[in-house]
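The values are calculated or read from the model by the stated rules, or taken from the named source; none is laboratory data. Since we're looking at a predicted model, the values are computed, not measured. No Cβ is skipped: glycine too gets one built from the backbone with ideal geometry, and neighbour counts run over all protein chains shown. Calculation scope for accessible area: heavy atoms of the full protein, side chains included, ligands and nucleic acids excluded. Shrake-Rupley method; radii C 1.70, N 1.55, O 1.52, S 1.80 Å.
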Amino acid sequence: MRLLPTMSCQAGMRLGKCIFSEEGIVLLNAGAELNEALIRRLQQFGIDYLYIADPVTEDVCISDPISDETRARAIQEVRTHFRSFMEKNSMSKVSKGQVLGRAFGNVMKMIIDDLSDNKPGTLIMLTNMNVMNNYLYQHSLNVCIYVTMLGMVNGYTREQLMTIGMGALLHDIGLTKVPASLLNKAGRLTPQEYEEIKKHPELGFKLLKDEPNMPLLSAHCAFQHHEREDGSGYPRGIGSKDIHEYAKWIAVADSYDAMTTHRAHRSAMLPHQAMEILFAGVGTLYDQKKVALFRDNVAIYPLGVTVQLSSREKGVVVGINPAVPQRPMIRVLEDADGQKLSQPYEVDLSEKLTLFIEQVEV
Ligand SMILES: [Fe+2]
């Protein structure tokens, strides 16, 4: 299976993974054949990349760090609760009967159990490019997966993982109180509109802080996730020493996931591009150690992505050595002149140090 930009997909190709709706329902099955109309529709739905079943990469399996069941359940809870917040005008408690804290606690247990089943050293690679995403719901779950997995690598206890994970799942819940027209606006926001958006951390904190079964620290994750190391963030402009470390993790994962996801105003960036931007913000915006741990545990070149090497040959990433994730194993499919090789061969960039990845197909 390989990952191709939807715009480069052609009629007759077959899907390597199924496509889910926003509610987690399967819309198209793995193996479904693409046609022109379908490709156009998928693009319109904001799906920038597709997993394609392809004979030359048949042996490449790309699996998600959490099960489809857990993903569907998590999205369902996020969606249900976010919607109910959107529909209520008052800021008063909406989830009577301790529903919110308990529901998200149960989801977190499933996520932690799934992630614990992954082999140690497994790089995080979210394969949710095949989801018709309502940005807010998918984003909440992605950020949660990133920080929970990094928390595990960092040695957090299960209780700490529950707290940071709930904080991550709900970090943007304050956005439910911001007009939807602003969130989905395709053009630039006016300064006044931006001020409205900037209220969401505090709104989120107020929504969560008195919820039963909700750790107060999780509410602080919502409050502080846009604060930055040098004090340039919002809403309070607090600096490195006053930002809780959970919020610092969420800041990194939140920025990264926002960049690698399709939005109304721009297409998704590829992981290595987003990682460069994170590194540019080390020290000023983000905590240096957290960005470094993030880089070491997230697949910069995801399995299945097409790359061009410095030799001008083209191939697909078919293996990742966790010790050197920036130098994956490549199956070369085309020579320097763009001719398809009758006998593809593999090159391990962690050994062949004179070769490097020059471009990723976008
Ligand atoms: Fe946010």
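Here is a check on your reading of the model: is Val282 surrounded by fewer than 17 Cβ atoms within 10 Å (Cβ to Cβ), touching a helix residue (DSSP H, G or I) at 6+ places or on another chain (Cβ under 6 Å) and at pLDDT 95 or above?
On the way: surrounded by fewer than 17 Cβ atoms within 10 Å (Cβ to Cβ): yes; touching a helix residue (DSSP H, G or I) at 6+ places or on another chain (Cβ under 6 Å): yes; at pLDDT 95 or above: yes.
In short, yes.
Would you please list the contacts, defined by Cβ atoms under 6 Å and residues six or more apart or on different chains, that run from a residue in segment 211-230 that is within 17 Å of Phe85 (Cα to Cα) to a residue that is away from the ligand (no atom under 14 Å from the Cβ) and open to solvent by 40 Å² or more (accessible area, probe 1.4 Å)?
Final answer for the pair search is Pro212/Gln98; Ala219/Lys209.
Evaluate the following for Lys185: is it away from the ligand (no atom under 14 Å from the Cβ), touching a residue at least 24 places away in the same chain (Cβ under 8 Å), over 26 Å from Gly16 (Cβ atoms) and not in a helix (DSSP H, G or I)? Please lay out each step first, then the result.
Numbers: away from the ligand (no atom under 14 Å from the Cβ): yes; touching a residue at least 24 places away in the same chain (Cβ under 8 Å): yes; over 26 Å from Gly16 (Cβ atoms): yes; not in a helix (DSSP H, G or I): yes.
In short, yes.
Would you check which residues across segment 188-230 are assigned to a helix (DSSP H, G or I), open to solvent by 60 Å² or more (accessible area, probe 1.4 Å) and within 16 Å of the ligand (Cβ to nearest atom) and list them?
Once the filter is applied, which keeps residues that are assigned to a helix (DSSP H, G or I), open to solvent by 60 Å² or more (accessible area, probe 1.4 Å) and within 16 Å of the ligand (Cβ to nearest atom), segment 188-230 yields Tyr194, Glu195, Glu196, Glu202, Lys206.
If you check Tyr345 against the conditions, is it out of contact with any Ser or Thr (no Cβ under 9 Å at 6 or more places or on another chain), of a type in the set (Phe, Trp, Tyr), touching a residue at least 12 places away in the same chain (Cβ under 8 Å) and within 19 Å of Pro55 (Cα to Cα)? Outline the logic, then answer.
On the way: out of contact with any Ser or Thr (no Cβ under 9 Å at 6 or more places or on another chain): yes; of a type in the set (Phe, Trp, Tyr): yes; touching a residue at least 12 places away in the same chain (Cβ under 8 Å): yes; within 19 Å of Pro55 (Cα to Cα): yes.
The answer is yes for Tyr345.
Met275: part of a helix (DSSP H, G or I) and either surrounded by fewer than 15 Cβ atoms within 10 Å (Cβ to Cβ) or not acidic (Asp, Glu) (or both), yes or no? Break it down into steps so the answer makes sense when it comes.
Values: part of a helix (DSSP H, G or I): yes; either surrounded by fewer than 15 Cβ atoms within 10 Å (Cβ to Cβ) or not acidic (Asp, Glu) (or both): yes.
Judged against the criteria, Met275 is a match.
Can you tell me which residue is modelled with the highest pLDDT among those in segment 168-182 that are more than 12 Å from the ligand (Cβ to nearest atom) and hydrophobic (A, V, I, L, M, F, W, C)?
Residues of segment 168-182 that are more than 12 Å from the ligand (Cβ to nearest atom), as a first pass: 169, 177, 179-182.
From the residues that got through so far, the ones that are hydrophobic (A, V, I, L, M, F, W, C) too are 169, 180, 182.
Working: Leu169: 96, Ala180: 80, Leu182: 83.
Filtering first and then ranking leaves Leu169.
Filter segment 152-167 for residues that are out of contact with any Ser or Thr (no Cβ under 6 Å at 6 or more places or on another chain) and either closer than 21 Å to Leu136 by Cα or within 13 Å of the ligand (Cβ to nearest atom) (or both) and give the result. Don't jump to the end; show me each part of the working.
Just the residues of segment 152-167 that are out of contact with any Ser or Thr (no Cβ under 6 Å at 6 or more places or on another chain), to begin with: 152-160, 162, 164.
Met162, Ile164 - these are the residues of segment 152-167 that are out of contact with any Ser or Thr (no Cβ under 6 Å at 6 or more places or on another chain) and either closer than 21 Å to Leu136 by Cα or within 13 Å of the ligand (Cβ to nearest atom) (or both).
Give the residue, chosen from Lys314, Lys289, that is open to solvent by 60 Å² or more (accessible area, probe 1.4 Å) and under 25 Å from Ile52 (Cβ atoms). Working first, answer last.
Details: Lys289 fails: under 25 Å from Ile52 (Cβ atoms).
The unique qualifying residue is Lys314.
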